[in-house]
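Read the structure below first, then the notes.
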Amino acid sequence: MVSKMVELINHTVEEIWSALENVKDPEIPVLTVVDMGIITSVEISGSIAIVTMTPTFVGCPAIGVMKKSIQEEVSKLGFEEVVVHVDFETQWTSDRMKPEAKKQIGKIWTSSTVYNRW
Amino acid sequence: MNTLALKDLLFKMADDALIIGHRNSEWTGIGPMLEEDLAFSSMSQDKIGHAQALYNLLHDLGEADADTLAFKREEKNFKCCQFVELPIGEYDFSIVRQFLFDTAELIRYDMLTQSSYQPLSLLAKKVKGEIKYHVMHGDTFVKQLGKGTEESHARMQSALNYAWPYALGIFEKSEYETSLLSENIFIGEEELKKRWLEKISLVLESANLIIPSIDDAKVVYGGRKGFHSEFLSPLLDEMCEVTRSDEATAEW
């Protein structure tokens, strides 16, 4: 029990960010949720990890899948609970994407998709 | 905060978005060109997403979950305006409706970015950024077809004449206008209508289209109070068919 507690306390938000780099955006599986800039905050409260994300657009059908993947991936670090909030406090724009992700996405998406989403 | 007033506002906005989203999705696969298939489909997806987000806000205020609100309510409990219920008709009508409705939506959400109810103002900021593109779409085609050929112009004017009494029904006042205003939740339908008329007049003028002059008595009200056109019931039957086929035991 004690060793488990120590293990939990030792976790850092950086480790959670690293774990999130394993979560792909299901619509663009070459990119992760971190590349896309949809994670807006990561916190640790005792043995609970709290991840906040914001959708690229309100009706994004991939949100449910991403929430589940985030929970699975972050849980592997040993947290008792992983809470994923979805909100609009910080809003997504393409400026939140990593520069290399922007380059990559430019090769993939058609102009009509870009027109309607950005 | 007057929760009844807030819920009434959220219900009418959500129901408008859901029903117009459903209607516009009917263009998927039958648009006059592929780009329009995509545009209408994409706008529909956005609208249904907006409906879901608004139903989620209602859920946070103690109402049922989003799916129940969308698929398991009786027709009389829907608060959408009759304008969004009308069948898609010909492409001219669908474009005119999309232009008139989305211009009102853009102004409504712009006003709501100042709402005292923070969950709504945050959502409005996000939605506004999406509807901006819907309005660009509507403006472009209204101008193009209004100034196109003699036939396209005539068809657009005729569609506008038909749409007009229904479009004004968007702004049917609720019994909560005063509360919404005094609590800074929403500035109100009258102000929205005023700003909408200013905006659409500019576009229609440059499209050589004339705003019909009609008697107030001809404006189609009722939707906001649960009185709907003959077209809503069949739409709901179709929309809810799968959910209703196994309400008791199905898990989706």
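Just so it is clear, none of the values below were taken in a lab; they were calculated from the coordinates. Given the structure is predicted, the values throughout are model-derived calculations rather than measurements. All Cβ positions, even for glycine, are placed from backbone atoms using ideal geometry, and neighbour counts span all protein chains on display.
To keep it simple, each residue is scored yes or no on (1) in contact (Cβ under 8 Å) with a residue 12 or more places away in the chain; (2) more than 25 Å from B:H50 (Cβ to Cβ); (3) buried (at least 16 other Cβ atoms within 10 Å of the Cβ); (4) of a type in the set (S, T, Y).
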site	(1), (2), (3), (4)
B:M136	no, no, no, no
B:T149	no, yes, no, yes
B:A154	no, yes, no, no
B:W164	yes, no, yes, no
B:A167	yes, no, yes, no
B:T178	no, yes, no, yes
B:K194	no, no, no, no
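Inside region B:83-120, can you point out the residues that are touching a Ser or Thr at 6+ places or on another chain (Cβ under 8 Å) and more than 22 Å from B:K199 (Cα to Cα)? Result: B:E85, B:L86, B:I88. Summed over region B:6-44, the residues that are within 18 Å of B:C80 (Cβ to Cβ) and assigned to a helix (DSSP H, G or I) give a count of 22. Do we have any residue at all in region B:188-209 that's under 19 Å from B:C81 (Cα atoms), within 20 Å of the chain's Cα centre (by Cα) and not in a helix (DSSP H, G or I)? Looking for residues that are under 19 Å from B:C81 (Cα atoms), within 20 Å of the chain's Cα centre (by Cα) and not in a helix (DSSP H, G or I), one finds at least one in region B:188-209, hence yes.
Selection of region B:94-132 for residues being within 13 Å of chain A (Cβ to nearest Cβ), within 19 Å of B:K143 (Cβ to Cβ) and not charged (D, E, K, R) yields only B:I131.
From the list B:T28, B:T3, the lone residue that is more than 13 Å from chain A (Cβ to nearest Cβ), surrounded by fewer than 17 Cβ atoms within 10 Å (Cβ to Cβ), more than 22 Å from B:F231 (Cα to Cα) and polar (S, T, N, Q) is B:T3. When the residues of region A:49-82 are filtered to those that are away from chain B (no Cβ under 14 Å) and of a type in the set (S, T, Y), the one that is surrounded by the fewest Cβ atoms within 10 Å (Cβ to Cβ) is A:S75. Scanning region B:212-230 for residues that are closer than 13 Å to B:E85 by Cα and out of contact with any Pro (no Cβ under 6 Å at 6 or more places or on another chain) returns B:Y221, B:G222, B:G223, B:R224, B:G226, B:F227, B:H228, B:S229, B:E230. Taken together, B:F141, B:F171 contain a single residue that is out of contact with any strand residue (DSSP E or B) (no Cβ under 7 Å at 6 or more places or on another chain) and over 24 Å from B:Y55 (Cβ atoms), which is B:F141. Here B:F227 passes the criteria (1) in a loop (DSSP other than H, G, I, E, B); (2) under 18 Å from the mean Cα position of the chain (by Cα); (3) under 26 Å from B:Y91 (Cα atoms) except the one numbered (3). Sort through B:D102, B:D92 and tell me the only one that's without any contact (Cβ under 8 Å) to a residue 60 or more places away in the chain and within 28 Å of B:S206 (Cα to Cα). Testing whether each residue is without any contact (Cβ under 8 Å) to a residue 60 or more places away in the chain and within 28 Å of B:S206 (Cα to Cα) leaves just B:D102. Considering region B:62-87, and only residues there that are assigned to a helix (DSSP H, G or I) and among the small types (G, A, S), the residue that is surrounded by the fewest Cβ atoms within 10 Å (Cβ to Cβ) turns out to be B:A66. Considering region A:12-104, the qualifying helices (runs of 4 or more DSSP H), each wholly inside and each with 1 or more residues that are under 25 Å from B:K132 (Cα atoms), run over A:33-36, A:63-75.
If you go through region B:140-154 and keep only what is over 27 Å from B:D216 (Cβ atoms) and not small (G, A, S), you end up with B:T140, B:F141, B:K143, B:Q144, B:L145, B:K147, B:T149, B:E150, B:E151, B:H153. Is one or more of the residues making up region B:20-31 in contact (Cβ under 8 Å) with a residue 12 or more places away in the chain, of a type in the set (A, V, I, L, M) and within 22 Å of B:Y221 (Cβ to Cβ)? Within region B:20-31, one or more residues are in contact (Cβ under 8 Å) with a residue 12 or more places away in the chain, of a type in the set (A, V, I, L, M) and within 22 Å of B:Y221 (Cβ to Cβ). Checked against (1) under 15 Å from the mean Cα position of the chain (by Cα); (2) more than 14 Å from chain A (Cβ to nearest Cβ), B:E75 passes all but a single condition, namely (1).
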